[in-house]
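So the structure is just underneath, and the comments pick up after that.
The values are calculated or read from the model by the stated rules, or taken from the named source; none is laboratory data. Remember, predicted model here, so these are calculated numbers, not experimental data. Neighbour counts run over all protein chains shown; Cβ positions are idealised from the backbone, glycine included. With ligands, DNA and RNA removed, areas are computed over all heavy atoms of the protein, side chains included. Shrake-Rupley method; radii C 1.70, N 1.55, O 1.52, S 1.80 Å.
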Amino acid sequence: MTSPDPDTGLLAPGWAGSPAASATADGAYLQALLDAEAALTRAQAALGLAPPEAAAAVTEAAHANRFDVRSLAERARGGGNPVIPLVADLTEAVGEEYGPYLHRGATSQDILDTATMLVAARTLDLVLADLDRVQRALARLAAEHRDTAMPGRTLTQHAVPTTFGLKAAGWRALVLDARDRVTVVRDSLPAQLGGAAGTLAAFTVYGAEDTQALTAAFAAQLGLRAPLLPWHTLRTPVADLAGCLAFTAGALGRIAADVLVLGRTEIAEVAEGGGGGSSAMPHKANPVRSTLIAAAARRAPQLAATLYGSLAAEDERPAGAWHAEWEPLRDLLRLVGGAARDAAELTGGLRVHADTMREHLGLTHGLIVSERLSAELAPVLGRARAKALLTELAKRTYAEGVSLGELLSREPELKDVDLGEPTDPTGYTGSAGALTDRALERP
């Protein structure tokens with residue numbers, strides 16, 4: 001029997017089959033390692049430190065499909081990272097004449113860190129594309145439902161009315177915050193080049209008079225930023241990735257949390273466009289997209305915590321701190337990539353039941369506007385009396401099954417007071433419309 005591919009994501013439906021899954025797969029990581037090796041040789045050739053033929057030979061050999069990723073993974077145990085066996089295999093593939101120019105002056109961490117930045121850059125580009133789809137879908141929802149009144153809920157209970165437009169605009173604001181953070185990090189991802197202990201010493205032995213120029217040429221070959229210093233134990237780039245990815249997972253998780261609550265059978269104010277089925281209950285249409293996004297949001301902070309923990313790395317190259325980053329960072333990229341894909345599908349197909357929202361505004365028999373009434377009655381009755389009266393009427397509303405408006409009309413104290421339509425919840429959404437308009441001005 002053929003052994004299964006370890007990257008299929010059998011237990012990870014949140015990212016399985018997503019563009020991010022392909023961009024972070026073992027094969028993609030292997031290609032990034034090879035890209036880094038080839039770019040280093042090309043950079044040295046561009047500065048006259050290696051013959052152009054060597055750069056061409058390494059580049060020609062640096063294709064992932066020519067290497068056995070499973071063998072590399074197994075042999076990585078010998079040196080603790082996959083670069084060591086890869087250099088051996090790539091050197092053999094390049095050939096005896098130009099093999100000596102491969103990996104010249106570099107250390108394994110230079111190549112693996114640089115490959116990680118390449119994988120991150122390629123994955124973040126995919127995430128950004130999906131975040132743009134999400135924000136455009138939310139902008140449409142916010143504009144369409146600018147004045148769709150619904151119950152605002154605080155601490156699980158009806159509070160005062162709000163609008164679905166403002167809720168969708170708030171979701172979009174978080175997505176744009178995530179987009180901006182991801183963009184900044186994406187544009188700042190650096191190459192890594194420092195040699196054995198971050199001094200670039202070996203490169204000078206091989207003729208590099210200006211190691212800063214070599215670092216810049218290496219970074220330019222890959223479309224990455226040239227770092228000010230080697231960052232073997234200065235892990236700002238990884239911490240920045242952790243932060244923007246965890247924030248993005250949380251921002252998308254905020255949308256999912258609302259949809260999961262508002263989509264409950266007994267609430268049914270929204271519904272996913274295409275719910276998932278149940279293995280046991282044919283009637284169910286489960287909110288699968290929201291569920292998977294919520295799962296990603298729960299996992300992301302702990303993965304980011306591991307990466308932040310690796311900031312405390314000793315010496316010029318650490319034992320363990322660096323190695324602890326690899327899997328959680330890839331998991332974070334996959335989780336967020338999958339969540340962004342799911343969020344695009346969720347928001348693009350979300351069904352909004354405005355009639356149900358309007359119906360639910362009446363569940364408290366008018367009490368949802370008690371704040372407004374308290375403010376309007378205070379000048380008439382005094383603040384303390386207005387509060388006491390409304391508290392008493394609230395109890396009677398539930399006990400007698402009579403609306404707050406009717407009870408107010410019976411109060412002798414208020415017989416000469418014109419309250420207009422005091423319990424109409426659609427007339428008490430404050431500046432929700434203006435706030436929605438303001439939010440949608442943000443590009």
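The condition of being of a type outside the set (Gly, Ala, Ser), within 26 Å of the chain's Cα centre (by Cα) and either at pLDDT 95 or above or assigned to a helix (DSSP H, G or I) (or both) holds for Gln31.
Pairs are defined by a Cβ separation below 7 Å, a sequence spacing of at least 6 or placement on different chains, a first member in the stretch 207-226 that is open to solvent by less than 80 Å² (accessible area, probe 1.4 Å), and a second member that is acidic (Asp, Glu); the pairs so defined are Leu222/Asp35. Flag: Ala23 does not match the condition of being buried (at least 22 other Cβ atoms within 10 Å of the Cβ), without any contact (Cβ under 8 Å) to a residue 40 or more places away in the chain and of a type in the set (Gly, Ala, Ser).
Of the residues screened, Thr59 is not one that is touching a Gly at 6+ places or on another chain (Cβ under 6 Å), over 30 Å from Glu345 (Cα atoms), crowded, with 17+ Cβ neighbours inside 10 Å and free of Cβ contacts under 8 Å to residues at least 60 places away in the same chain. Scan the stretch 406-440 for residues that are open to solvent by 50 Å² or more (accessible area, probe 1.4 Å) and under 28 Å from the mean Cα position of the chain (by Cα) and jot them down. Residues satisfying the conditions are Leu435, Asp437, Arg438, Leu440.
Of all the residues in the stretch 293-307, those that are in contact with a helix residue (DSSP H, G or I) (Cβ under 6 Å, 6 or more places away or on another chain) and over 24 Å from Pro19 (Cβ atoms) number 1. Among helices (runs of 4 or more DSSP H) entirely within the stretch 67-167, having at least 1 residues that are over 30 Å from Asp331 (Cα atoms) and open to solvent by 10 Å² or more (accessible area, probe 1.4 Å) singles out 83-94, 108-144. Going through the stretch 349-397 one residue at a time, which ones are under 25 Å from Met150 (Cβ atoms), surrounded by fewer than 18 Cβ atoms within 10 Å (Cβ to Cβ) and charged (D, E, K, R)? Hits for the stretch 349-397 are Arg351, Asp355, Arg358, Glu359, Glu371, Glu376. Comparison of Ala45, Ala56 shows that the only residue that is in contact with a Pro (Cβ under 9 Å, 6 or more places away or on another chain), in a helix (DSSP H, G or I) and more than 30 Å from Leu10 (Cα to Cα) is Ala45. All conditions but one from (1) in contact (Cβ under 8 Å) with a residue 40 or more places away in the chain; (2) under 30 Å from Glu269 (Cα atoms); (3) surrounded by 20 or more Cβ atoms within 10 Å (Cβ to Cβ) apply to Leu329; the one that does not is (2). Considering only residues that are within 30 Å of Gly170 (Cα to Cα), in contact with a helix residue (DSSP H, G or I) (Cβ under 7 Å, 6 or more places away or on another chain) and β-branched (Val, Ile, Thr), look in the stretch 398-439 and name the one that is modelled with the lowest pLDDT. Checking each candidate, the answer is Thr423.
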